[in-house]
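J.: Starting off with a structure, shown below.
The values are calculated or read from the model by the stated rules, or taken from the named source; none is laboratory data. Not measured: the values here are computed from a predicted model. Counting neighbours? That spans all protein chains shown, and the Cβs are built from the backbone with ideal geometry, glycine included. In case anyone asks, the SASA skips ligands and DNA or RNA and just uses the protein heavy atoms, side chains included. Shrake-Rupley method; radii C 1.70, N 1.55, O 1.52, S 1.80 Å.
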Amino acid sequence: MHRLFLIAAATMALGACKAETPSDPLELLGTDTEWTVTDISGAPVPAEVKVTILRPAAGTIAGSSGCNRYTGSAKTVDGRIEIGPLVGTRMMCPEPQMQAETAFLMTIEKTTGLRESGGVLEFTDSAGDVVLKASK
């Protein structure tokens, strides 16, 4: 009987250690937490360029797309993330910033999933491929 109790207690303890996945993957962004995009479609974001993602409130995202500021809708429908349309300012910047911005804006709207892996957010497309990586 004592042995059965120990096995049950160990099983419950292990179950408590398991990370819970939020029902809305956008909750991984948090609210008012700025994430810095480090990788776009497998390529690192240049050190002199800052691309960010922020969820100021449920249903929206905002940030810097490398040169300009953007905002738009972000929601979860049937377990899949839908981002966009996005709107932004229209300034011109040096070429590295403009290239990163174009790549980011083309890629972020392809996002359908979000997962956390070792403190890094991975944005995935419909095939499950990682299209963006971001960290705090």
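J.: With the cut-off at 23 Å, report for segment 25-135 the share of all Cα pairs above it, as a whole percent.
T.: Roughly 18 percent, rounded to a whole number.
J.: For K75 and D24, calculate 0.36 nm times their separation in residues minus their Cα-Cα distance, and state this gained length in nm to one decimal. Don't skip to the answer; put the middle values down first.
T.: On the way: separation 51, 0.36 × 51 = 18.36 nm, distance 0.86 nm.
Contour length minus the Cα-Cα distance gives 17.5 nm.
J.: Kindly write out, for segment 86-95 in residue order, the coupling ³J(HN,Hα) from the Karplus curve 6.51 cos²θ - 1.76 cosθ + 1.60 (θ = phi - 60°), rounded to whole Hz, with x marking Gly and Pro.
T.: Residue by residue, segment 86-95 yields 9, 10, x, 5, 10, 7, 9, 9, x, 3 Hz.
J.: How long is the gain from M92 to A58 if the chain were fully straight, where each residue apart is worth 0.36 nm and the alpha carbon distance is subtracted? It would help to have the intermediate numbers written out before the result.
T.: Numbers: separation 34, 0.36 × 34 = 12.24 nm, distance 3.00 nm.
That pair, M92 and A58, stretches by 9.2 nm at full extension.
J.: Rank-order 38-44, 66-72 by packing density, defined as the average count of other C-beta atoms within 10 Å over each peptide's residues, highest first. Before the final figure, lay out the partial values.
T.: Numbers: 38-44: 14.9, 66-72: 19.1.
Ranking the peptides 38-44, 66-72 by packing returns 66-72, 38-44.
J.: Next question, about the same structure. Over segment 25-135, average the accessible area per residue using a 1.4 Å probe and give it in Å², no decimals.
T.: Numbers: 5590 Å² over 111 residues.
Accessible surface, normalised per residue, equals 50 Å².
J.: Could you give the length gained on full extension between T107 and E48, defined as 0.36 nm per residue of separation minus the Cα-Cα distance, in nm?
T.: Between T107 and E48, full extension yields an extra 19.3 nm.
J.: At 1.4 Å probe size, with no ligands or nucleic acids counted, give the accessible surface of R115 in Å², nearest ten.
T.: Accessible area of R115: about 100 Å².
J.: If you plug each phi of segment 69-82 into the Karplus form 6.51 cos²θ - 1.76 cosθ + 1.60 with θ = phi - 60°, what whole-Hz ³J(HN,Hα) values come out, in order, with x for Gly and Pro?
T.: Here the 3J(HN,Hα) series is 8, 9, 8, x, 8, 8, 9, 10, 10, 6, x, 10, 7, 10 Hz.
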